[in-house]
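Engineer: Below you'll find the structure I mean.
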Amino acid sequence: MLWSRYNTLFRSKKTGRFCYNSLSNSLIELDEKHYALLEGCRQGQDISCAQDNRFFVRLREKHILLEAGEEEGLLLARQCQRQANCFNSSTLGLTICPTLACNFRCPYCFESSQQSGKCMSTETQNRLIDWIKEFTAIKHLSVVWYGGEPLLAFDTICSLTDRFLALGLSYEKVGLITNGYLLDREKIRQLNELKIDSVQITLDGPAEVHDTRRMLAGGDPTFARIMENVAALMDSDYAGLCQIRINVDKNNFESFLGLRTELLERFKGKKLYVYPGHLNILGDQAYDSCCCLNTQEWVDFHLELARRHGMLASAGLHPSYRLDSTCVATTHQGFVLGPEGELYKCWDDVGRPALVVGTIHRQESITNPVLWARYITGVDPFNDPECRNCTVLPICGGGCAHQRLLAKYHGRKEIQYCLPYKTRLIDFLEGYIDSVRTRDICTALLQPGSTPAEPLSWRVISPDPALHAADRAGEVTSQITEDHVAS
Amino acid sequence: MSLEQAQQFIERMKTDEAFRTKIMAEADVEARLNLAKVEGYDCTVEEIKSVSSELSDADLNTVAAGGWVYSCYSCPGLGGTCSSYC
């Protein structure tokens, strides 16, 4: 049996002993005896004689121990799945910028076309509908309204939605990214009809901070009006989710928690999600990138929120599996559409002529097949030997495709596209384990007659409630086996 | 009574085995919370539930939640890392 390259065996002062495998995204808590056993395996000792042992079976299931060649086979299967996802022809995913104009002048904005007054012409809208019809295999159309500020072209959103709905496709996962300033009651009233199931509004902290950073083109403040609109949205019959993204950097991160708490208390019981957004300057914006939290500081910020305030990101601290994940940039039928019909692969590319991959106005819409291919295949982490051998590849997935593209093809070697699991995996796992302990303690405390669970010799800890419950039940049953109960 | 005291109480339950054993020796929930109050942690059942509710909604239900609508796959389980405002 071979020790997986995706294993992390670690001893934590606070939380115990663990083995994590990123290929199965599984975490096993160990007593000293089982930890020592795995430490031996890591150093090359063979424990294949114990194949009928329940512990051994679980190690095999979780890909912690493998036969020669098995891991390459598993990777090949995952690569195949990723490619299948990238070349899925049943969905057309469009991020549509009905205009690149914006009424705000945020100093860190990566777009450079805010002063453009261009909105999507009727000709381009007509062509867009015909262009969509050319994707004869699609069953689903997914749209995010983006910009610029999309509400400056609200009429275009309305007219295009009517025509999308008439196409007879499943029209779902429709989102709106807005600065919130123009989201008045009249527009809110139409959100359900427009099938918009999620609205994202950005703040930069409380009024005194926000208004110095997210101001109108003339410099006037925006916070009060945005909050009026958020209140109107929360007070309406809108059925979707409102997400408030609070941009965070070194200048304002301390105000994040207070604003989040205020918003959640004010709109208690409403479909509102408030989360921090990482300001990350990659372009030539006129904003001091020294103000940005670097990756390590960003991770510390989140871990501190979890440790001291019990606040976790929506995806939590447990890593998510990303080996076969895709985004609009890496799927062959994912596009960001500019107001003149130009096509990009990534939201970050909007307004940059050099990063246009095509146009809907030509029969062969891909005019820069090399750039298109670089996004879909060129940045595939499976093609990178360093990634294939990285302990966290399955939960990193190669990082951001856009950042990877800049580093690999545009000479931006300074860009760190790897996810922070590469250097902080154990910190994330310890945070997750701590949250599991909190839940276990709270559950036991509120259950009459219960006592704390006896320590087990090993157990699988899973973020999936069903799996977690099943595993715990399994371990309880297995307490009768000698090698499974703590001595 | 406060959420902060509930958080401190649960933190001590996690880290102090003798304290945990003492509290859990009481059979019913009310007696446990009364004992906690004697130890300086004045909290209610609802506040204890609140301590774990964010965890239930987020970390422990990662698979069910599946992240948020706009997050591209690169977001490292934290959200908002993408400069495209995901």
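The values are calculated or read from the model by the stated rules, or taken from the named source; none is laboratory data. Fair warning: this is a prediction, and the values are worked out from it, not measured in the lab. Every residue, glycine as well, gets a Cβ built from its backbone with ideal geometry; the counts of neighbours run over all protein chains shown.
Engineer: So which of A:LEU92, A:LEU59 ends up being outside any strand (DSSP E or B) and of a type in the set (A, V, I, L, M, F, W, C)? Let's see the steps before the verdict.
Structural biologist: Values: A:LEU92 fails: outside any strand (DSSP E or B).
The unique qualifying residue is A:LEU59.
Engineer: Within segment A:376-395, restricting attention to residues that are out of contact with any helix residue (DSSP H, G or I) (no Cβ under 6 Å at 6 or more places or on another chain) and assigned to a helix (DSSP H, G or I), which residue is farthest from the other protein chains (Cβ to nearest Cβ)? Full working, then the answer.
Structural biologist: Narrowing segment A:376-395 to residues out of contact with any helix residue (DSSP H, G or I) (no Cβ under 6 Å at 6 or more places or on another chain): A:377-378, A:380, A:383-386, A:388-391, A:394.
Those still in the list that are assigned to a helix (DSSP H, G or I) too: A:377-378, A:383, A:385-386, A:388, A:394.
Numbers: A:THR377: 16, A:GLY378: 16, A:ASN383: 17, A:PRO385: 20, A:GLU386: 17, A:ARG388: 18, A:PRO394: 12 Å.
Taking the candidates together, the pick is A:PRO385.
Engineer: Tell me, which residue of segment B:44-58 that is modelled with pLDDT under 85 and under 21 Å from B:ASP28 (Cα atoms) is nearest to the other protein chains (Cβ to nearest Cβ)? Give the steps one after another, and end with the answer.
Structural biologist: Narrowing segment B:44-58 to residues modelled with pLDDT under 85: B:50-58.
Those still in the list that are under 21 Å from B:ASP28 (Cα atoms) too: B:50-52.
Values: B:SER50: 9, B:VAL51: 6, B:SER52: 4 Å.
Filtering segment B:44-58 for residues that are modelled with pLDDT under 85 and under 21 Å from B:ASP28 (Cα atoms), the one nearest to the other protein chains (Cβ to nearest Cβ) comes out as B:SER52.
Engineer: May I pose another question? When residues of segment A:51-86 are filtered for being among the β-branched types (Val, Ile, Thr) and exposed (fewer than 14 other Cβ atoms within 10 Å of the Cβ), how many remain? Before you say what the answer is, go through the steps one by one.
Structural biologist: Let us first name the residues in segment A:51-86 that are among the β-branched types (Val, Ile, Thr), namely A:57, A:64.
So of that shortlist, the ones also exposed (fewer than 14 other Cβ atoms within 10 Å of the Cβ) come out as A:57.
The qualifying residues number 1.
Engineer: Which of the residues that make up segment B:1-22 are touching a Phe, Trp or Tyr at 6+ places or on another chain (Cβ under 9 Å) and farther than 15 Å from A:ARG439 by Cβ?
Structural biologist: Scanning segment B:1-22 gives B:GLN5, B:GLN8, B:ARG12.
Engineer: Do the conditions hold for A:LEU27, that is, is it assigned by TED's automatic domain parsing to the domain that holds A:THR156, outside any loop (DSSP other than H, G, I, E, B) and in contact with a Ser or Thr (Cβ under 8 Å, 6 or more places away or on another chain)? Can you show your working first?
Structural biologist: Values: assigned by TED's automatic domain parsing to the domain that holds A:THR156: no; outside any loop (DSSP other than H, G, I, E, B): yes; in contact with a Ser or Thr (Cβ under 8 Å, 6 or more places away or on another chain): yes.
The answer is no for A:LEU27.
Engineer: Counting only residues that are charged (D, E, K, R) and outside any loop (DSSP other than H, G, I, E, B), which one in segment A:173-226 is farthest from A:LEU160 (Cα to Cα)?
Structural biologist: Pass one, segment A:173-226, residues charged (D, E, K, R): A:173, A:184-187, A:189, A:193, A:195, A:197, A:204, A:208, A:211, A:213-214, A:220, A:225.
Okay, now just the ones that are also outside any loop (DSSP other than H, G, I, E, B), so A:173, A:185-187, A:189, A:197, A:208, A:225.
Working: A:LYS173: 16, A:ARG185: 21, A:GLU186: 18, A:LYS187: 15, A:ARG189: 17, A:ASP197: 16, A:GLU208: 38, A:ARG225: 27 Å.
Among those residues, the one meeting the criterion is A:GLU208.
Engineer: Also, I was wondering about something else. Among the residues of segment A:321-341, what is the count of those that are touching a Pro at 6+ places or on another chain (Cβ under 8 Å) and away from chain B (no Cβ under 14 Å)?
Structural biologist: 1
Engineer: Scan segment A:244-263 for residues that are surrounded by 15 or more Cβ atoms within 10 Å (Cβ to Cβ) and part of a helix (DSSP H, G or I) and jot them down.
Structural biologist: A:PHE253, A:SER255, A:PHE256, A:LEU257, A:LEU259, A:ARG260, A:LEU263
Engineer: What residue, among those in segment A:421-437 that are buried (at least 23 other Cβ atoms within 10 Å of the Cβ) and at the interface with chain B (Cβ under 7 Å from one of its Cβ atoms), is farthest from A:SER462 (Cα to Cα)?
Structural biologist: A:TYR421
Engineer: Within the group A:SER24, A:SER89, which residue is closer than 30 Å to A:VAL144 by Cα, surrounded by fewer than 20 Cβ atoms within 10 Å (Cβ to Cβ) and small (Gly, Ala, Ser)? Please lay out each step first, then the result.
Structural biologist: Values: A:SER24 fails: closer than 30 Å to A:VAL144 by Cα.
Among A:SER24, A:SER89, only A:SER89 is closer than 30 Å to A:VAL144 by Cα, surrounded by fewer than 20 Cβ atoms within 10 Å (Cβ to Cβ) and small (Gly, Ala, Ser).
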